[in-house]
Structure formats: structure tokens, C-alpha cells
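Enquirer: Let me begin by handing over the structure; questions about it come next.
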Protein chains: 4
Amino acid sequence: MSDPIRVTVWNEYRHEKANEKIAAVYPEGIHGAIAEYLRELPDLEVRTATLDEPEHGLTEEMLEATDVLTWWGHRAHGEVDDAIVERVQQRVWNGMGLIVLHSGHLSKIFRALMGTGCWIKWREADERERVWVVDPSHPIAEGLGEYFEIPKAEMYGEHFDIPPPDELVFISWFTGGEVFRSGCTFRRGNGKIFYFRPGHETQPIYYQAEIRHVIANAVRWAAQPRGQYPTYGNVMPVEDLPGYTGPDFRGHPDEVVARG
Amino acid sequence: MSDPIRVTVWNEYRHEKANEKIAAVYPEGIHGAIAEYLRELPDLEVRTATLDEPEHGLTEEMLEATDVLTWWGHRAHGEVDDAIVERVQQRVWNGMGLIVLHSGHLSKIFRALMGTGCWIKWREADERERVWVVDPSHPIAEGLGEYFEIPKAEMYGEHFDIPPPDELVFISWFTGGEVFRSGCTFRRGNGKIFYFRPGHETQPIYYQAEIRHVIANAVRWAAQPRGQYPTYGNVMPVEDLPGYTGPDFRGHPDEVVARG
Amino acid sequence: MSDPIRVTVWNEYRHEKANEKIAAVYPEGIHGAIAEYLRELPDLEVRTATLDEPEHGLTEEMLEATDVLTWWGHRAHGEVDDAIVERVQQRVWNGMGLIVLHSGHLSKIFRALMGTGCWIKWREADERERVWVVDPSHPIAEGLGEYFEIPKAEMYGEHFDIPPPDELVFISWFTGGEVFRSGCTFRRGNGKIFYFRPGHETQPIYYQAEIRHVIANAVRWAAQPRGQYPTYGNVMPVEDLPGYTGPDFRGHPDEVVARG
Amino acid sequence: MSDPIRVTVWNEYRHEKANEKIAAVYPEGIHGAIAEYLRELPDLEVRTATLDEPEHGLTEEMLEATDVLTWWGHRAHGEVDDAIVERVQQRVWNGMGLIVLHSGHLSKIFRALMGTGCWIKWREADERERVWVVDPSHPIAEGLGEYFEIPKAEMYGEHFDIPPPDELVFISWFTGGEVFRSGCTFRRGNGKIFYFRPGHETQPIYYQAEIRHVIANAVRWAAQPRGQYPTYGNVMPVEDLPGYTGPDFRGHPDEVVARG
């Protein structure tokens, strides 16, 4: 009925090439594992992009044709070009959805959009994670039970150094004694952002049914109707406007510049 | 593709029967004017209900078969039966969406869900209202320009005595010097609530294209996937549970009661 | 320098009289344990009130002279008179702070102010609770470390059926696998509300230093400057007002009614 | 009783030197007008700093000794050194309050903390502004009436391109038909931020009693208790920790790094 949602799955794609153990878990890369599932969904149209492609695979054309971008990075955050980060940020402001996964919390793009350090505590001890739904009315939690579990997870612990999220969908419990705000939404300009904690390069988390389901829910939630943008700038002085006749007249945005 | 959203348009329906001038504006009642438009939308299935029907038209069966309820009331808030108010509140908690219109701000159901007095300032002076979009990323603002106008409106002014809304979508400007948080979302249990200010019994506001469009957007936003509810109550003591073997065991919700 | 904050510590005070074990923990009642500490603070002026006093100890005069009310109840929520609940609610709307403790989540007053069921999961298994600070900038977290622990706690688990809190200050971790939003703020009218989870009648939690410190922080946060209230109601039509001369005139609140 | 709050009033201080008309309004600079009032308050200790001082007057020592920084800039945002912006941002994350005034909305520091473009509409037509209090419970609104007016204001209109504010304290009405979220709070790390719209270089707004009162309220609200910081980084694996004995043990932050 409606146009498909155009998703671009971005991945740093270094771990999988450099480490045999990780390659065994994600032979097609983490982006491959995520895209594989999203491609099964008839309302989505899925492409991938990675760090080592020209412009990191994120050309103007590619971003313009992307409704929702998912982002996984870890050890090469610093290699992402500042100009591309700014380009992605502009595209978010203009309405593109952004799903930031796991270690993407320290990516340049997420930090630029948050305005905070985005630091966490962490521990690799293959402990259990239980992800609790704390907003059962939220579309990103649709179809889940009250919680789901990840048998062996890398722990992320509070304080998670983000602005207070607009909506808090998930809170994680870890065996070792920590909690984490694992599913958080944010709005920036016309764009919607979802941070989703689970996912680690050494564990098959992106094959787990609940994880895949949440990512698909988030993609649909973050997808915007296209083409509706505010304008900014100088609006003509009231008294200079033709037809100004009194109390209820207001300046109109003749000279303003659209963000889109 | 998916099931239609089942909308019930509720109206006090007294003004239109008692006052010729109002009857001239809304010959089929305010509910008739709202339902007329919603019925044109293929993804909605629309019924109406009014105060003077048995159980105000809001039987258990009717509510159970309602995904989103819209509410207009004004001079007979006090005649709405407390038991029905409680029934509607329970249904919201279980996931029904609720769209509260204009003078519905003082309805028993809205006040019960807010926990505040929900008072406002008001004035009838046929002044102009300009409704500004302040969250352009919100699905309820989809398809609108930066603002829209109501040529002759009853004024509602701040302070609007509500909890801080979860999301603020619209702010109104009035000729006479007031502002108002005109489009506000709230979550209560599994239910999503939208308060939308415009609309008055003496003005043809519910025929205006932007108003109708916003109500339709709000209905779609408030409609929930059905049947996903938290459980509450006592969960078994850890030590009594069969198979308790150590650190990462957790009680399960054997004895709990589902809200749904 | 400034006037002391007038605190009323309210307690159901039934458990302590009916159960020897509980009486041994709280010989002066739970209110006694809380008031004992608050009385050490020079900026507070502390009284207590209990369910079985006339009007539950919450007369008009008492409430009028209360800047912040703390509330502990458990098994007799239903015996609190509806008229007193409404009186307390009105006083909160007019600016009184309210600190709701532990099992007070199901009190009539908290449910009336929230508009939700306020249900939880729970378990008595003397498990460990770790209370994490997730908003280190919040005055209620002042003076705490990153977390504090309660060695033996009654568990409260999500879903906690409240509106999304305005501010989330604490999240609890429990041995058994649950998490809980343990410190939540809400605003209703001119009043500020803080829900604080820890505290159980069989455990000496209200003697624990961190718990007492948080309650004192919350009292100071919830105390309002006195005497500043919005007004509500009809404001005169623009055109009838003396001196109406054109574009920037606005109705003034001549006929309105103050909430305070 | 307690230590004074150490305020630094920062000003671009270019307009006042370059333009006679502006110099006539602010002979001691905008910072001078703001500091003049704040110096009358016994709980504040006030210094000033300006763009053309070495390091813009914002040395490490200066910032470390600043509890709250107020920021006014307009035409030279681009001349503020990126390294100083980063230094201020770090200091905010570590707990310094920040009050951003009027055209400071486009300053590098505000945009870096917001993660958005922070654009607005604007018009210079000497129109009237009415600033409405929409959160009467907020300490920044303490002592105000329901609204206050600025007789001749530069207009700022929505859409104001910021993240949804944590708290919305003021909404402005303008003669010409616009509204604006004029008083907004945000939290970033341990720091609290307040954006306050009024104020223009050609109008004596920083001498107006209500404006000064709001700035003083905001300074007190944004001032933090000193010295409480989260830690971040790797926490030891559970199984390596000495004394690990079972179910309720949790890793502790032995190896972490404090942000402060």
C-alpha cells in the first residue's frame, strides 16, 4: 500500500575481518546478520554500507535515499570522517531515523546528537542480561513479553551519560549487579533516534529473535513521512507587510530558509 | 493488509439538541461531523456513542471492541456515571487510545487520568487562533504546515492545569494575548492519550480540514497492537522455586495477575 | 535565614501495633523512625500524623501548615477517607510537596495523583537491592555515591504502572532478576511529588543512612516557595474591556478564580 | 550559611563597543548590566568574562571556580575558539550550570550541548512579548505572576530547533502571531542548563525587574552541590574478584575512571 521504508544498515566491519572468532559468529559481518532479517520484511527495502567503502558508503545520494539508518561501530569510531558525521547529523535533522546499536554509544554521530559524553561502565563476563519492558504502550515494545533474556552478554552499566531520554522503553538487569537504560528514544530536529544496548561482536545476539524484532519495530517507529520541514530565519516586519490591517495580523515566512 | 482501527466517537450531544444555533452548525451532532470524516478513511471502522444512550453507549462489549475512543463533552460532565468513567479508565489502562477534544479537558475521564484539576482560562470573543507545530517529527503533525489557523475560536489560555505532557506537539497563539499547549500526549498503562484543544459547539471547527486531519493522525498514533499486557502481584520466593541453582536465577511470574 | 520547611510525616501505624516483630524494628512506629532523623536537621520543622487520629491527623489547618507531607501506608489504604484524600490532593495542587514511600504506591492519594493503577510485582525473599543513581545532576541524589545497597529488601519489580516520570533519579537492581524505577518525580499543579521505593515494615530500612539522606533531600526539593498560584476561568471578552485600543491588547484575568 | 554560588557572567561584548545606540543602552556592556544586579544578591559571588580577553576569559582556573556560567553572544559566535567551547562543555558535564541568554541559542556551546541546529524565526519590529508561566511549580518561576511583559521585544518564533526540553517553564506570545518556548531546562552529565529567550542588545531588557529575577532564580536552580561524579569504564569480571561467593555478588568499580 504505502512505499517501503528504505533502511541502510551501517557497520564498521573491521572486527569480522580481523578476528577469526568473530568472523565465525558473523561470517557476513554484523551488517549482514541484521540485513538478513530485515530483508525478510515486505515493508522494508534494505541496503548496507561499511566504513571502508568510499565516503563510508554514506554518500549524499545514499543518505537522501535512506529513511532509517542503523549504526554499529566499536573500535574505529575515530576513523569516521568528521564531514560524513556532519552529513549524517544534517540528514537526521531533516527527518532520517537513526538506530544506534550497542557500542555505537561512543560513535561520533551519537555523541554529536546527544551533546554528552555517552560513557558507560562495562564488563565482559558472559553474564546474563534480562531486558525489561518499562513502557508497554510503546510501539518498539510491540510483540514482546514482559522481558526477554540474553544468555551471555557483555555488561553495560549505569551511569549511562546521555540526556534524559524522551522515552525509556527498556531497562536491563545483569547478573553482576548493574542496571542499564537499554532502550531510549530521542528527537533531534525532524529525526527520531533509538539507542538499543544489546549486541556484541563475539556473541550471536543479532540472530536472536527478540533482538531482531526490536530492531524492526524501531525502524518502523523511526521512519518519517517524508517532506515536512520547518523554516527558519528573518520574517518580515509586521508594519512593512502589504495588507497589514490591525490586531490579528502576523508576519509570514517570506524570507525564511527551509531546513529541508 | 492489517485490521482496521475500531474508533468510537463519543459525544455528550446535548447542545445540538437544545440550541438552534448550534444545531444549525452541527445538524448531525458534533459526533456526526467527526465520524463523517473518519468514515472516509479506509483504515478506520467508525461507530458513535452518546451520553443519553444506555450506559452512555459505552458498554463493556463496546469498549472491548474499541481501539480508540474520541471524547467531546461540555455542560454535562457531571452526568457521566462514575462506574462508566472507571470502566473507560480501565480500558485505557489496557491499551485503548483516547482522544480528548476541546472542553473535554474538564471531563471526569480526563481528570481521572491526569490526576490534576485540568483547569484553564477561557474567553468567547471570536478571536483568531494560530496553532503552531512545535514537534515536527511527531506523527500527529504529519502532513501539516508549520502552523494552521482557526479564524474564529474560543480562547483557552494558560495555565493549563495538566501534568507536564510526555510530548508537546502544538502551541496555540490567540489574538487576545494568550498561549496554550494545544496538542499534548500522555501515556497511562498501555493506553495512549492525546488532548487536542480546538473545537467549539458554535463554530464549524470539526469541518475544518486541518482539524480533521489531526484527529485522524491522532487516532492512528493512539491505536495499539492488541493483547500485550504486563502482569502484577506476588512472584514466588526465589528459594522455593524448583531448580533454583544459584546466581542468575530469578523468580518467575507464576502467581501474578495480568492486567489485561 | 529562611523559614523552616514544615514537614508532616504520615504513617498508617497499624503494623507496628499489631505485630511484635514489626514493633521490635519500629518501636516508635515507622513515622517515629523517619521523624527522628528529620528532626535533627535545623532547616526542617517536623510533626507526625497517623491514620487512627481524628481526620487521620490531616485537618485543614494541619495541611495548610504543611510544606511537605511524607506518606507511608500498606494494609489499610482502603480505610483512608475519600474526603481526606481529596483534601490532600487539593493541597498538593496548591503547592504542598508529597513524598510517597514504598507500599504507599497503592495508596488512594498516589493513585489519584497518577491516574494509573500503580501496580507492581513483589516478592519477600530478603534479597539484596542495589539502588543506582541515574541522574547525578538531581538534587535528590546529592551526597550519594554512584549507588547504595539495602542488604535485605522486599523486591518490587517492573512493570511499575505509573505515568512516565518527569525525572527518573534511581533504578534498583534485585538479586532475583528484577529492576525497578525506584526514585521518580512528578508535578501536579503547583505541587511536586517524589516516589521512593525502599522501605519495608519488617526491615530497619528507615534507620539506614542513605535512605534517611534521600528522604531529607526529597523534602527540600519538594518544598515550594509559598503563595504563587495560577488563576482559572472566564477572562473578559476583548471588545468589552475598557481601554481596548487595538492590536496588542489582551484580556486580563478580572473575573477569574485563583486556585490557591 | 552555605558557600556563595560563584557566577561568571560571559558576554561577547562587541555590539556595545561598535554601536553608539547599543552603548547608550548598555554603557557597561550587557555583562555589566547582568552582573550589576546579581552582585546585589548576598548568596552570589559574581565575576565577568568577555570574548576579547585571553582565552575569552575562560581559563581552566576560571571555569573550575565557576558554579554557574551565563552566556550572551550574537554576531561573533564563530570567533569563539573550539578548544574553549570543548572546555566549557566538559565543565558543564562535570556539574557547572549554564544559563544561555537570547541570541546565545546559536552559540557553539549551546549547539554542542543540544545536538541540534537551534534555529529560530525572528523579526525586529518592537512588538510586545508576553511571557507566560506554564510550570508554576518550577523554582525558576518563583516570585513571578502568571505572566510578565516586555513592551518592545525582538520576536523569536517557533519552530525552535532544540531537543524536547526536560522542563518547559515559559512560553512567549508575540503581537505578530508567533509563540516561542522561552524558558527551557536541559540536563547534560552533571550539569544543568537553562535557556532564557528575552534580551536584545538594543533594548533595556536586562534592566527589567522580572528578567533579572528569572536569571537569579535560574542561577540558583543550576548551581550544583560540588564533587559528586559518576565513574566510567571497565569493571572487573565477576569471577576474578576476590571474595566472590555466589548469587548476589557484583563487580565493583575498581578500575574505572571518574569523570570529575
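The values are calculated or read from the model by the stated rules, or taken from the named source; none is laboratory data. Because the structure is a prediction, the values reported are computed rather than measured. A quick note on method: Cβ atoms are made from the backbone with ideal geometry, for glycine too, and the neighbour counts reach across all protein chains shown.
Enquirer: Please find, within the stretch C:106-121, the residue that is farthest from the other protein chains (Cβ to nearest Cβ) out of those that are buried (at least 24 other Cβ atoms within 10 Å of the Cβ) and aliphatic (A, V, I, L, M).
Expert: Result: C:I109.
Enquirer: On to the next question. Given the structure, is A:T66 assigned to a loop (DSSP other than H, G, I, E, B) and within 14 Å of chain D (Cβ to nearest Cβ)?
Expert: no
Enquirer: Please find, within the stretch B:219-255, the residue that is modelled with the lowest pLDDT out of those that are touching a helix residue (DSSP H, G or I) at 6+ places or on another chain (Cβ under 7 Å) and over 17 Å from B:V169 (Cβ atoms).
Expert: B:F249
Enquirer: Still on this structure, I have one more. Is it the case, given these coordinates, that B:A223 is in contact with a strand residue (DSSP E or B) (Cβ under 6 Å, 6 or more places away or on another chain), touching a residue at least 12 places away in the same chain (Cβ under 8 Å) and over 25 Å from D:I150 (Cα atoms)?
Expert: It is true that B:A223 is in contact with a strand residue (DSSP E or B) (Cβ under 6 Å, 6 or more places away or on another chain), touching a residue at least 12 places away in the same chain (Cβ under 8 Å) and over 25 Å from D:I150 (Cα atoms).
Enquirer: Just for the stretch B:165-204: of the residues that are in contact with a helix residue (DSSP H, G or I) (Cβ under 8 Å, 6 or more places away or on another chain) and among the basic types (K, R), which one is farthest from B:E142 (Cα to Cα)?
Expert: B:R188
Enquirer: Just to be sure, is C:G157 crowded, with 24+ Cβ neighbours inside 10 Å, more than 14 Å from chain B (Cβ to nearest Cβ) and within 23 Å of C:C118 (Cβ to Cβ)?
Expert: The answer is no for C:G157.
Enquirer: Identify the residue in the stretch B:160-172 that is part of a strand (DSSP E or B) and of a type in the set (A, V, I, L, M, F, W, C) and, among all such residues, is nearest to the other protein chains (Cβ to nearest Cβ).
Expert: B:I171
Enquirer: Select, from B:A49, B:A35, the only residue that is under 21 Å from B:V88 (Cα atoms), in a helix (DSSP H, G or I) and of a type in the set (G, A, S).
Expert: Being under 21 Å from B:V88 (Cα atoms), in a helix (DSSP H, G or I) and of a type in the set (G, A, S) holds for just one of B:A49, B:A35, which is B:A35.
Enquirer: Free of Cβ contacts under 8 Å to residues at least 40 places away in the same chain, farther than 25 Å from A:N94 by Cα and within 14 Å of the chain's Cα centre (by Cα), is that true of D:V85?
Expert: Details: free of Cβ contacts under 8 Å to residues at least 40 places away in the same chain: yes; farther than 25 Å from A:N94 by Cα: yes; within 14 Å of the chain's Cα centre (by Cα): yes.
Yes, satisfied.
Enquirer: Yes or no: the stretch D:184-200 includes at least one residue that is modelled with pLDDT under 95 and under 24 Å from D:A33 (Cα atoms).
Expert: Yes, there is a match, as at least one residue in the stretch D:184-200 is modelled with pLDDT under 95 and under 24 Å from D:A33 (Cα atoms).
Enquirer: I'm trying to understand the selection: among the residues of the stretch A:9-32, which are of a type outside the set (D, E), surrounded by fewer than 19 Cβ atoms within 10 Å (Cβ to Cβ) and part of a helix (DSSP H, G or I)?
Expert: Within the stretch A:9-32, A:K17, A:A18, A:K21, A:A23, A:A24, A:G32 qualify.
Enquirer: Which residues, taken from the stretch C:1-18, are farther than 24 Å from C:E61 by Cβ and touching a residue at least 60 places away in the same chain (Cβ under 8 Å)?
Expert: Of the residues in the stretch C:1-18, the ones farther than 24 Å from C:E61 by Cβ are C:1, C:14-18.
Of everything in the stretch C:1-18, those that are farther than 24 Å from C:E61 by Cβ and touching a residue at least 60 places away in the same chain (Cβ under 8 Å) turn out to be C:R14, C:H15, C:E16.
Enquirer: Moving to a separate point now. Identify the residue in the stretch A:143-154 that is outside any loop (DSSP other than H, G, I, E, B) and buried (at least 19 other Cβ atoms within 10 Å of the Cβ) and, among all such residues, is nearest to the other protein chains (Cβ to nearest Cβ).
Expert: The initial filter retains those residues of the stretch A:143-154 that are outside any loop (DSSP other than H, G, I, E, B), namely A:147-154.
In the following step, the residues that additionally are buried (at least 19 other Cβ atoms within 10 Å of the Cβ) were identified as A:147-148, A:150, A:153-154.
Values: A:Y147: 8, A:F148: 12, A:I150: 12, A:A153: 11, A:E154: 11 Å.
Going through the qualifying residues, I end up with A:Y147.
Enquirer: Restricting attention to the stretch C:173-187, report how many residues are within 18 Å of A:F170 (Cβ to Cβ) and either in contact (Cβ under 8 Å) with a residue 40 or more places away in the chain or within 13 Å of chain B (Cβ to nearest Cβ) (or both).
Expert: The number of residues fulfilling the criteria is 8.
Enquirer: Right, something else. Can you tell which of D:A153, D:A216 is in contact with a helix residue (DSSP H, G or I) (Cβ under 9 Å, 6 or more places away or on another chain), within 17 Å of A:N234 (Cα to Cα) and aliphatic (A, V, I, L, M)?
Expert: D:A153
Enquirer: Now a separate question. Report, by residue number, each residue of the stretch A:30-51 that is of a type outside the set (A, V, I, L, M, F, W, C) and touching a Lys or Arg at 6+ places or on another chain (Cβ under 8 Å).
Expert: Within the stretch A:30-51, A:Y37, A:D43, A:E45, A:R47 qualify.
Enquirer: Please enumerate the residues belonging to the stretch D:188-226 that are of a type in the set (D, E) and either in a helix (DSSP H, G or I) or within 14 Å of chain C (Cβ to nearest Cβ) (or both).
Expert: Result: D:E210, single match.
Enquirer: Of the numbered conditions (1) within 13 Å of chain C (Cβ to nearest Cβ); (2) modelled with pLDDT under 95; (3) surrounded by fewer than 22 Cβ atoms within 10 Å (Cβ to Cβ); (4) within 23 Å of A:P230 (Cβ to Cβ), B:E124 fails exactly one; give the number of that condition.
Expert: Unmet condition: (4).
Enquirer: Does B:P139 count as crowded, with 20+ Cβ neighbours inside 10 Å, over 20 Å from D:E129 (Cβ atoms) and either of a type in the set (F, W, Y) or in contact with a helix residue (DSSP H, G or I) (Cβ under 8 Å, 6 or more places away or on another chain) (or both)?
Expert: no
Enquirer: Here's a follow-up. Hey, can you tell me all the residues within the stretch B:52-63 that are crowded, with 17+ Cβ neighbours inside 10 Å and assigned to a helix (DSSP H, G or I)?
Expert: B:H56, B:G57, B:M62, B:L63
Enquirer: If you scan the stretch B:105-142, which residues turn out to be free of Cβ contacts under 8 Å to residues at least 60 places away in the same chain, assigned to a helix (DSSP H, G or I) and closer than 27 Å to A:D166 by Cβ?
Expert: B:I109, B:R111, B:A112
Enquirer: Considering only residues that are charged (D, E, K, R) and more than 14 Å from B:V214 (Cβ to Cβ), which ones fall in the stretch B:131-145?
Expert: Matches in the stretch B:131-145: none.
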